[in-house]
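Every number here is computed from the coordinates shown, using simple stated rules; none is lab data. None of these values were measured; they are calculated from a predicted model. Note that each Cβ is placed from the backbone with ideal geometry, even for glycine, and that neighbours are counted across all protein chains shown.
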Amino acid sequence: MAKKKIAHPRAITLNPDFVPCVLGNNDEYLRNGIFVFNITKLNAYIDTHRDEFATADIDVDYYHRMFTCRELNEDYIKEADLARPVILAEIAPDRYEMGMRVNPDIYYERGYNLIDGHHRLAKAHGLGIKTLKAYIVRMEQHINFLTEGYEKYVEYWNDKLSR
């Protein structure tokens, strides 16, 4: 008799009623591969629900090496507010929680990408600041801020859980 496959507790059930987050004319967004996140609305949600989000101090030099391969606007870097935490979003299921050998203090190794704060990170690096505060945003917290790619994200996420 074949064993019944047990669904992972973090598997996403495709919601046929899912409504992508609307991207307004002045909203900031981030394209992460085929997935697009509304950063403006995610930030607004975090601002009013801070107690729902974990925070961590991240190593500026490490994250600068990982995430500053693109050109950044120098004026935005100068104006960047270092008091505002950057956002690390769980793009792949947390490798540390899945028992993989990764450094638990390095969220990038765990499956988190920097989706907001590139200019703050560049400014902190330029000023020699060693750490920045980051919001740690789980999949369950950011999925509602997808503007494009929901169905593909569900497929991608569930595939990662089955490995």
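Considering only LEU88, HIS125, LEU42, the residue lying farthest towards the positive end of the dipole of the chain is LEU88, judged by Cα position with unit charges set on Cβ. Descending by average beta-carbon neighbour count within 10 Å, the peptides 124-133, 57-66 line up as 57-66, 124-133, the highest first. Put simply, when 13-20, 156-163 are sorted by average Cβ atoms within 10 angstrom per residue, most first, you get 156-163, 13-20. Could you work out the helix-only [θ] at 222 nm for the chain, with each DSSP H run of four or more residues adding -39,500 (n - 2.57) and the total divided by the number of residues, to the nearest 500 deg cm²/dmol? Estimated from H runs of four or more residues: -8500 deg cm²/dmol. In order along the stretch 95-100, the phi-based Karplus estimate (6.51 cos²θ - 1.76 cosθ + 1.60, θ = phi - 60°) of 3J(HN,Hα) comes to 5, 5, 5, 8, x, 7 Hz; Gly and Pro are listed as x.
Simple point charges give the picture: +1 on the Cβ of Lys and Arg, -1 on the Cβ of Asp and Glu, and for the chain a dipole about the Cα centre of about 720 debye.
Of the labelled figures (i) 63, 40, 31; (ii) 47, 35, 34; (iii) 42, 34, 29, only one reflects Cα extents along the principal axes in Å as derived from the coordinates, namely (i).
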